[in-house]
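A quick write-up on the structure given underneath.
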Amino acid sequence: MSVVILYGTETGNSELVADAIADVLTVEHDPSIYDMSEFAVDDLDPSDFLIIVCSTYGEGELPTGAEPFAEEITETTPNLSGIRFAVFGLGDTIYGETFNRGGELMAELLTRQGATQVGQHFRHDNSSSIKPAKAAAEWAESLTGVIEGVTV
């Protein structure tokens, strides 16, 4: 099954995480990586498994790189039923209530349009000693059954 990895970033960390996830999944899948700012909602395909990698910016907002994609979903209200997706969010617990809000906002947008979130919604904490790319690689290992639809 093909995997589409979309990342939304402000400083580049989400792109590094997307690369780490793709490196793990390339063994059994055919991952493609796209910046959300350059990906059209019409290009989403239910035959692909979607992975969203999204940081949080400012006061719990989407990063600049995710805004065009999110705005397109909001404005066009596409029917995304049949789309299955997983989320890897990036944030920092020092921001309390807005910790990892970017990934949550993307998940809410997609599910509102009928997409189905599966697997563990991973919330990386930049205050931890675990590097985001390492956490992402470990998380990606757990996705095999989820991608194939064996587990949810």
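Can you compute the equivalent ellipsoid semi-axes for the chain, i.e. the square root of 5 times each eigenvalue of the Cα gyration tensor, sorted largest first and rounded to whole Å?
Values for the chain, descending: 21, 19, 13 Å.
What percent antiparallel are the DSSP beta bridges of the range 2-148, to the nearest 5?
Of those bridges, close to 5 percent are antiparallel.
Work out from phi, with θ = phi - 60° and the Karplus expression 6.51 cos²θ - 1.76 cosθ + 1.60, the ³J(HN,Hα) of each residue of the range 36-47, listed in order in whole Hz, and give x for Gly and Pro.
4, 5, 10, 10, 8, 4, 4, 7, 5, 10, x, 7
Do you know the relative contact order of the chain, to the nearest whole percent, from alpha carbon pairs under 8 angstrom that are 6+ apart?
Worked out over the chain, it gives 26 percent.
Can you pull the accessible area of GLU15 for me, 1.4 Å probe, Å² to the nearest 10?
Roughly 80 Å² of GLU15 is accessible to a 1.4 Å probe.
In whole percent, how big is the carbon plus sulfur part of the accessible area of the chain, probe 1.4 Å, protein atoms only?
Of the solvent-accessible surface of the chain, carbon and sulfur hold 47 percent.
Determine the order of VAL41, VAL24 by accessible area, beginning with the largest, at a probe radius of 1.4 Å.
Highest to lowest solvent-accessible surface, that is VAL24, VAL41.
Using helices alone, what [θ] at 222 nm do you get for the chain, with -39,500 (n - 2.57) per DSSP H run of 4 or more residues, divided over all residues and rounded to the nearest 500?
-9500 deg cm²/dmol
The values are calculated or read from the model by the stated rules, or taken from the named source; none is laboratory data. Here the structure is a predicted model, which means the values were calculated and not measured. SASA here: full protein model, heavy atoms, side chains in, ligands and nucleic acids out. Shrake-Rupley method; radii C 1.70, N 1.55, O 1.52, S 1.80 Å.
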